Amino acid sequence: MKIPLRLACALIAAAGFMPAADNRFSNDLSDHSSSMVDVIVQFTAPPTADQHRKVAARGGIFKADLSGIKAAVYSLPSSAVADLAQDSDVVYISPDRPVKGLLNYSTAAVNAGIAWSQYNLTGTGIGVAVIDSGISSHPDLTNVIAMSRVVYAQDFAGGGANDLYGHGTHVAGIIAGDGALSTGPLFTMTFKGMAPNANLVNLRVLDGNGDGTDSNVIKAIQAAIALKSTYNIRVINLSWEGRYSKATLWIHFARRLRRRGRPGS
């Protein structure tokens, strides 16, 4: 049978773009033993019962649906991974890798070390207003004489200015933690914040469930503006979200803040 030249060229080109089966699964899955491994299988379309049956036929067990990314989680014999990758419905197979909360690389990601070492910029004398769930006492948030660098605290949510939710203290550490509790011969890494000598202004607007209101946030912003000169506040940190069909309130508020920030205003 003769194949037209243009069709032959098209088939060759298409073949060049089709990933080989051994390129459709992670190198982490090269073990050919019968031990079970949890995998995320991405398909060409959201998986249905047909795809689940194909995995089951290879000894796999369905665990969870990830149809938002056209995938599903399975427990599968390691020896079956390469064979499943040959299926035309399969795009890629990855191990369901473990993850954990870390803060190792936040400062490195923005080259904060250069600011510290070359320019001696550590936030000294600068105030940062943290509008969040409060800030609890922590050794990483003190100065060289063990005095707290949380220089002011005000509660807008009720229940006091301590952090009953955990988020605000976490954020404060990212901003201004000095790594005191991870420094010394027993530690292999020191975890410091972006500006490890900055002062913090604790304006609590989120309760013990992490909930708050627009009005309390606006009160806290107004408080930060009023305290600007007292504590040299140069930054206001807002690490929360709100759901709005229209953000008219915040657009108007932002415009007013811009006008207040102009010279002479």
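We did not get these values from a lab; they are worked out from the coordinates using the rules stated. Please read these numbers as outputs of a predicted model, since none were measured by experiment. Backbone-built Cβ (ideal geometry, glycine too); neighbour counts: all protein chains shown.
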Inset, instruction - Please list, in chain and number order, the residues 5+ apart from residue 92 or on another chain whose amide H is under 5 Å from its amide H, with Hs placed from the backbone. - result: 42
Legend entry - Interatomic Cα distance distribution for the chain, bins of 10 angstrom, percent: 6, 20, 18, 16, 18, 14, 5, 2, 0
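With n ≥ 4 as the cut-off for DSSP H runs, can you work out [θ] at 222 nm for the chain, using -39500 (n - 2.57) per run divided by the number of residues, rounded to the nearest 500? Numbers along the way, then the final one.
Details: 9 runs with 79 residues, N = 265.
When only DSSP H runs of four or more count, the value is -8500 deg cm²/dmol.
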Legend entry - Under 10 Å, Cβ to Cβ, from residue 206 - net charge with Lys/Arg +1 and Asp/Glu -1: -3
Legend entry - Contact order normalised by residue count of the chain, Cα under 8 Å, 6+ apart, percent: 17 percent
Inset, instruction - Express the relative contact order of segment 20-95 as a whole percentage, based on alpha carbon pairs under 8 Å and six or more residues apart in sequence. - result: 48 percent
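Over segment 110-261, what is the relative contact order in percent, taking alpha-carbon pairs closer than 8 angstrom and at least six residues apart? Could the numbers behind the result be given before it?
Details: 273 pairs, mean separation 48.5, N = 152.
Worked out over segment 110-261, it gives 32 percent.
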Legend entry - Share antiparallel - DSSP beta bridges, the chain, percent rounded to 5: 50 percent
Legend entry - R0 of 51 Å, Cβ-Cβ distance residue 143-residue 91: FRET efficiency to nearest 0.05: 0.45
Inset, instruction - Please list the radius of gyration and Dmax for segment 110-261, considering alpha-carbon atoms only, with Å as the unit. - result: 16.2, 53
Inset, instruction - For segment 20-95, list log₁₀ I(q)/I(0) at each q in 0.22 Å⁻¹, using the Debye formula over Cα point scatterers of equal strength and ignoring solvent, two decimals each. - result: -0.90
Legend entry - Distance in nm between pseudo-label sites at residue 190 and residue 218 (7 Å out along the Cβ direction from Cα): 4.4 nm
Legend entry - Under Karplus coefficients 6.51, -1.76 and 1.60, residue-wise ³J(HN,Hα) of segment 125-142 in Hz, glycine/proline x: x, 9, x, 10, 7, 9, 9, 7, 9, x, 10, 8, 4, 8, x, 6, 10, 10
